[in-house]
Each structure stands twice: as structure tokens, then as C-alpha cells.
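The structure under discussion appears below in the form of C-alpha cells.
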Amino acid sequence: MENNTNQENSDALENVSFACIRPEILYFGTPVVLISTIDREGKVNLAPISSAWALGYSVVMGIGTESKTMENLRETGECTLNFPEGALWESVERLAPLTGKYPVPQDKADKFRFESNKFGVAGLTPCDSEVVKPPRVLECRLQMEACVKSVRRISEPDVQAGIVEVKVVRVHARNDLIIDGKYIDPKQWKPLIYSFRHYFTLGCDLGKTFRSKI
Ligand SMILES: Cc1cc2nc3c(=O)[nH]c(=O)nc-3n(C[C@H](O)[C@H](O)[C@H](O)COP(=O)(O)O)c2cc1C
């Protein structure tokens with residue numbers, strides 16, 4: 001039976017072909033994060049990012065060096081990471097052409113405009129954090145408060161971005177997302193995914209890994 005399946009798979013693969021391409025971007029599909037930060041005067045900024053991944057309670061992010069977010073992270077060292085779900089994609093997209101940096105950096109000037117009230121424009125609600133100063137995004141069912149541990153340049157000279165490592169100091173999950181008092185229910189969680197500049201959310205549950213406790 002198994003041998004048959006293997007044979008069918010190799011038959012199906014026999015005629016596939018590949019081409020070497022050089023896409024403008026390599027955004028192969030990662031969750032969107034709304035990162036909130038503050039400047040030295042306490043003014044709040046909010047921006048969508050998607051170059052982020054977690055290992056333990058550390059999160060590593062790729063952030064443009066010319067962004068207000070990067071400036072704030074360097075100056076005040078704190079942020080909140082808010083994870084929108086599929087239903088919030090239009091709010092995220094309203095933030096997409098905005099920057100909190102004034103004047104708008106030259107290489108962004110043709111496509112971006114300055115905005116000081118990003119929460120308002122996106123129709124999102126700031127709520128106080130418990131450990132850090134930047135506010136959380138109330139509409140996001142999963143939110144993390146975090147402190148900057150390091151910032152370093154990316155080794156690719158043409159890419160104007162830095163690699164920021166933060167330590168998560170508090171996690172907030174909305175009650176309807178929590179199962180058995182301490183786990184995020186993966187069946188309830190529908191993160192917004194940014195894949196090759198289009199927005200998606202998760203499809204069906206295919207199964208679980210051997211380490212899943214729920
Ligand atoms: C869905 C989405 C994902 C994005 N991902 C990133 C990212 O991972 N890193 C980054 O630096 N910019 C990312 N951007 C672009 C920033 O949001 C953009 O540069 C913005 O102007 C930054 O705002 P700020 O200057 O107020 O910090 C993304 C934009 C969108 C819409």
C-alpha cells in the first residue's frame with residue numbers, strides 16, 4: 001500500500017519543472033504584528049511589521065532603519081507586539097502607507113505620508129500596558145509587552161534594516177482564546193498572515209505535533 005503511494009508520488013513529480021527567479025521580495029508568509037512604541041516625549045507610534053519570530057520569550061524582528069519604530073526602539077527601548085487576526089486586515093492596511101517619522105524619509109516620500117495619530121486612522125483602540133509604557137491594541141486578542149535587548153545591522157549592505165531582539169515581559173490573551181486556563185487555543189487563533197504582499201488567514205486544522213498538550 002505504502003509502496004503504491006510512493007510510486008504515485010514519484011509519478012506525479014516526474015513532470016514538474018522549476019525556474020530560477022529573483023522576486024523583489026521574499027515574504028513567504030508570516031503573521032502580521034502591530035508594534036507600538038513611544039518616543040522620548042511619550043508620543044505613541046504604531047506600525048505593521050511581519051518579519052518577526054519567537055524563540056522562548058525572545059522575539060527577533062527585522063525593522064527598517066529609517067522607520068519611526070526603529071528610532072523609538074533605540075531611544076526608549078520598549079514596545080508592545082499585538083497580533084491582529086484576519087478580520088483586522090483592513091485596519092492594518094490603513095496603516096500601511098503611513099509613517100510616524102517627520103519629515104518622511106526621502107526613499108519613502110513617493111509612497112508614504114506622515115501621520116501622528118495612527119491608532120485613530122486605523123480605527124484601533126490603545127489600552128494601557130502593565131509593565132512597559134507603549135500601549136497595547138485592544139482589538140488584538142493576543143498582545144505582548146517587551147523590552148529591547150539588542151539592535152544590530154543586517155549584513156546585507158543594500159538593505160536598510162536592523163535586527164532587533166526583544167524580551168517578552170508579559171503576555172495578554174483574551175479569555176475566549178484561552179483553553180485549560182493557560183494555553184492559547186489553536187483552533188480559535190486565526191492570525192493575519194502577510195504572504196507575498198497579500199493578506200491571508202489560516203485555513204483548516206491539519207493535525208498537531210507530538211508535543212502539543214491540547
Ligand atoms: C503587512 C505589513 C508588513 C510589514 N512588515 C515590515 C517589517 O517586517 N519590517 C519593517 O521594517 N517594515 C515592515 N512594513 C513596513 C512598515 O510598516 C512601514 O515602513 C512603516 O512606514 C513604518 O512605520 P513607522 O515609520 O511609523 O515606524 C510592513 C508593512 C505592512 C503593511
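The values are calculated or read from the model by the stated rules, or taken from the named source; none is laboratory data. Here the structure is a predicted model, which is why all the values come from computation and not from measurement. Here the Cβ is made from the backbone with ideal geometry for all residues, glycine too, and neighbour counts use every protein chain on show. For accessibility, only protein heavy atoms count, side chains too; no ligands or nucleic acids. Shrake-Rupley method; radii C 1.70, N 1.55, O 1.52, S 1.80 Å.
The apolar share of the surface of segment 25-196, taken as the fraction of accessible area on carbon and sulfur atoms (1.4 Å probe, ligands and nucleic acids excluded), comes to 52 percent.
For segment 44-95, a crude dipole built from +1 on the beta carbon of Lys and Arg and -1 on the beta carbon of Asp and Glu, taken about the Cα centre, is about 80 debye to the nearest 20. Computed from point charges on the beta carbon alone (+1 for Lys and Arg, -1 for Asp and Glu), the dipole magnitude for the chain about its Cα centre is near 700 Debye.
Accessible surface for residue 183 stands near 60 Å², nearest 10, in the context of the full protein assembly shown (1.4 Å probe).
Taking all pairs of different Cα atoms in segment 20-95, averaging 1/r and flipping that mean, what Kirkwood radius in angstroms comes out? List each step's numbers first, then the result.
Working: mean 1/r = 0.0728 Å⁻¹.
Every distinct Cα pair counted, the radius reaches 13.7 Å.
Globularity index of segment 25-196 is 0.99 (Cα radius of gyration / 2.2 N^0.38 Å, N = number of residues).
Any idea what the dipole of segment 11-75 comes to, in debye rounded to 20, about its Cα centre with Lys/Arg Cβ at +1 and Asp/Glu Cβ at -1? Present the calculation step by step, with values, prior to reporting the outcome.
Values: 5 positive and 8 negative charges, 55 e Å.
It comes to approximately 260 debye.
A convex hull fitted to the Cα coordinates of segment 104-214 yields 200 cubic angstrom per residue.
Spacing of the modelled spin labels on residue 125 and residue 165, each 7 Å from Cα toward Cβ, amounts to 3.7 nm. Farthest towards the positive end of the charge dipole of the chain, among the residues 175, 30, 49, is the Cα of 175, using unit charges on the Cβ of Lys, Arg, Asp and Glu.
At an R0 of 41 angstrom, the distance between the Cβ atoms of residue 96 and residue 214 translates into a FRET efficiency of 0.75. Put a dot 7 Å past the Cα of residue 25, heading toward its Cβ, do the same for residue 107, and the two dots end up 1.5 nm apart.
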